[in-house]
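To start, the structure itself, in C-alpha cells.
The values are calculated or read from the model by the stated rules, or taken from the named source; none is laboratory data. From a predicted model like this one, the values you see are computed outputs, not experimental measurements. Please note: Cβ atoms are built from the backbone with ideal geometry, for glycine as well, and neighbour counts cover all protein chains shown. What goes into the accessible areas is simple: the full protein's heavy atoms, side chains included, and nothing from ligands, DNA or RNA. Shrake-Rupley method; radii C 1.70, N 1.55, O 1.52, S 1.80 Å.
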Amino acid sequence: YQFWLDKNYFHADAESKKEPYTIVIPPPNITGQLHLGHAMDETLQDTLIRWRRMQGYSALWLPGTDHASIATEAKIVEAMRKEGITKEEIGREKFLERAWAWKDQYGGRIVEQLKKLGSSCDWDRLRFTMDEGCNKAVNHVFKKLYDKGLIYRGERIINWCPHCKTSISDAEVVFEEKEGSFWHLRYPLSDGSGYIELATTRPETMLGDTAVAVHPDDERYKALVGKTVILPLVNKEIPIIADSYVEQDFGTGVVKITPAHDPNDFEVGLRHNLPVINVMDDGGVINENGGKYAGMPALEARKQIVKDLDEAGFLIKIEPIKHNVGTCYRCGTVVEPRVSTQWFVKMEPLAKPAIDAVKDGDIRFIPERMDKVYYNWMENIKDWCISRQLWWGHRIPAFYCDDCGEMTVSKTDVCTCPKCGSKNIRQEEDVLDTWFSSALWPFSTLGW
C-alpha cells in the first residue's frame, strides 16, 4: 500500500484529457471507528474506482470525514461527565477545543482504517465537513437561500429530545412499539348541560389544551360546536371547534387540542387561531404554565394528574394499548413535540425539481419500484428544521443587534449593525443540522 502511495497511483489529475469518473465518499462520522457496514461500502466503492482506473478513466475517489454534530457532541459530553465536568462549566470555547482534539484523534483513526482496508482514495484531496472550504460553502448557500426566502426563522412545532436538549429532524425520530394507555376523560360543558368524553395517550399535555375538536360532519356533536367546556384541573373555559382532522370513527370522535405539543394540533391551532401554551421546559419538566405541577418531570406529572383526575371524577376509564412512540435515534429518549423558535428550509419549492428529475428520467432508481417510495416522501415533505441547540457544528451565520433588534444574515462576521451602527452584535447561538453541510459535500469538495 505504501508503494502505491509513494507512486501516487491514486491521484486523479483534473487537467487530464481522460474521461473523468468520480466517487465522492459518503464521509464517515468522527464519532469512533469504522464498522462492518463501512467496510462493505468502502469495498464496493474501491472495486468500482479500481475497475474504472484500469479502463483508462481519470478516476477520482475523494475521501473525507463528517463532524456529526449531535453524535460527536454527545460522545464528548459523556466523556466529560466521567471527569465530573459539564460543557456549561467550561464554556463554548474550551468545549470546541476538546471537540477538535476528538476530531484529530478519531478522524485520523478512520483515515488509517480506510488505508488498512486498501482503499485507493486520492489522499491529497482529504476533506472534513467543518474545514474552511466547507464552512465557506455553508455560509454561501445559507445566505443565498435566505435571500431567496427559502430559509426562514419562525415559531413552529418541532421534535425535541429532552436528553440531548436539541431539536431533531423527522428522520432522526425512531418509532418504537410501547405499552401505553388511553385515558378516557370527562370534560364538563361550561353551561352545566353535561360533558364531552375524549381519550388521550398523554394526559400531562392537557395543561396546555386550548380547544376540544370534533369532525364537522359528526351528527353526535354538531349541536355542541361553538360551546365551551371547562378544562379539568386547570379550571378554564376552552371552545369546542369543528375540524376535518378529527377521525369520527377513532375513539370517541373527540380530540383535545394542544397546539404547543402535537404537530397535528399545531396545524389545527393555526386554522382556528388558537392560543399556543407550552407547558414543558427543554428538559421535559413541567414549566410555570403547569400550575401546581410545575417542576415535575413529565412522567411524574402524568401520574399525579391521572390521580387528581380520578379523585375529582374526571377519569372515566383507562384502556391499555400498544402504540408507536417516537424516540431519539441517538439516545432512545422519548421525543417531545414542542413549539420552538427555530430556523427552517422551505422544502416544497426545492422538492419539485427533484421530483421532476426522476419523472423525466434524468435520475433512475434501481430497482424501479423505489421511485414510489421516493415520490411518497418528496410529495409529502415538510419544511426542514435546520437549527440545532449544540456547540459543535457550523454556527448559523445570523447576527443580532442588542440595541435595535435588527437581524443580519451574512457570509462574513458582522461587527456593526447596518441599521443603527451599534457594536453590540452577537451571533446566533445555534448550529446547523449536520445534513445541511453534508448535503453540500459534492459542491464544497469539487467546486461549483
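Filter the range 278-308 down to residues that are of a type in the set (Val, Ile, Thr) and loosely packed, with under 13 Cβ neighbours inside 10 Å, then give me how many there are.
Of the residues in that region, 0 qualify.
For the range 109-131, what are the residues that are part of a helix (DSSP H, G or I) and open to solvent by less than 40 Å² (accessible area, probe 1.4 Å)?
Correct list: ILE110, VAL111, LEU114.
Of the residues ARG53, ARG98, which single one is in a helix (DSSP H, G or I), under 25 Å from the mean Cα position of the chain (by Cα) and among the charged types (D, E, K, R)?
ARG98
Per-residue answers, yes or no, for (1) touching a residue at least 24 places away in the same chain (Cβ under 8 Å); (2) part of a helix (DSSP H, G or I); (3) more than 26 Å from the chain's Cα centre (by Cα):
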{"residue": "LYS82", "(1), (2), (3)": "no, yes, yes"}
{"residue": "GLY91", "(1), (2), (3)": "no, yes, no"}
{"residue": "GLY107", "(1), (2), (3)": "yes, yes, no"}
{"residue": "GLY133", "(1), (2), (3)": "yes, yes, no"}
{"residue": "ALA137", "(1), (2), (3)": "yes, yes, no"}
{"residue": "PHE142", "(1), (2), (3)": "yes, yes, no"}
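Quick one: would you say SER444 is closer than 20 Å to ILE30 by Cα and open to solvent by less than 60 Å² (accessible area, probe 1.4 Å)?
In short, yes.
Taking LYS419 and the conditions (1) surrounded by 14 or more Cβ atoms within 10 Å (Cβ to Cβ); (2) farther than 30 Å from PRO63 by Cα; (3) of a type outside the set (Asp, Glu); (4) in contact with a strand residue (DSSP E or B) (Cβ under 9 Å, 6 or more places away or on another chain), which numbered condition does it fall short on, given that it satisfies the others?
The single condition LYS419 does not satisfy is (1).
All but one of (1) over 26 Å from VAL77 (Cα atoms); (2) assigned to a helix (DSSP H, G or I) hold for ILE316; state the number of the condition that does not hold.
(2)
Could you check the range 249-277 and list, in sequence order, the residues that are touching a residue at least 12 places away in the same chain (Cβ under 8 Å), surrounded by fewer than 16 Cβ atoms within 10 Å (Cβ to Cβ) and in a loop (DSSP other than H, G, I, E, B)?
Selection gives PRO275 alone.
If I filter the range 25-74 down to residues being touching a strand residue (DSSP E or B) at 6+ places or on another chain (Cβ under 6 Å) and open to solvent by 40 Å² or more (accessible area, probe 1.4 Å), which single residue comes out as modelled with the lowest pLDDT?
It comes out as ASN29.
With respect to VAL141, is the statement that it is among the β-branched types (Val, Ile, Thr) and at pLDDT 95 or above true?
Considered against the rule, which asks whether it is among the β-branched types (Val, Ile, Thr) and at pLDDT 95 or above, VAL141 comes out as yes.
Could you list, in sequence order, all residues of the range 141-185 that are more than 21 Å from MET280 (Cα to Cα), in contact with a Phe, Trp or Tyr (Cβ under 6 Å, 6 or more places away or on another chain) and among the hydrophobic types (A, V, I, L, M, F, W, C)?
VAL174, LEU185
Which residue pairs have Cβ atoms under 7 Å apart, sit 6 or more places apart or on different chains, and have a first residue in the range 413-437 that is without any contact (Cβ under 8 Å) to a residue 24 or more places away in the chain and a second that is surrounded by 14 or more Cβ atoms within 10 Å (Cβ to Cβ) and of a type in the set (Phe, Trp, Tyr)?
Short answer, once both residue conditions are applied: VAL414/PHE399.
In this structure, is TYR9 over 26 Å from SER169 (Cβ atoms) and not acidic (Asp, Glu)?
In short, yes.
Tell me, please, whether a residue that is touching a helix residue (DSSP H, G or I) at 6+ places or on another chain (Cβ under 6 Å) and farther than 29 Å from GLY283 by Cβ can be found in the range 95-102.
Within the range 95-102, not a single residue is touching a helix residue (DSSP H, G or I) at 6+ places or on another chain (Cβ under 6 Å) and farther than 29 Å from GLY283 by Cβ.
Determine which single condition GLY361 fails, assuming it passes every other condition in (1) surrounded by fewer than 16 Cβ atoms within 10 Å (Cβ to Cβ); (2) at negative phi; (3) not acidic (Asp, Glu).
That leaves (2) as the condition not met.
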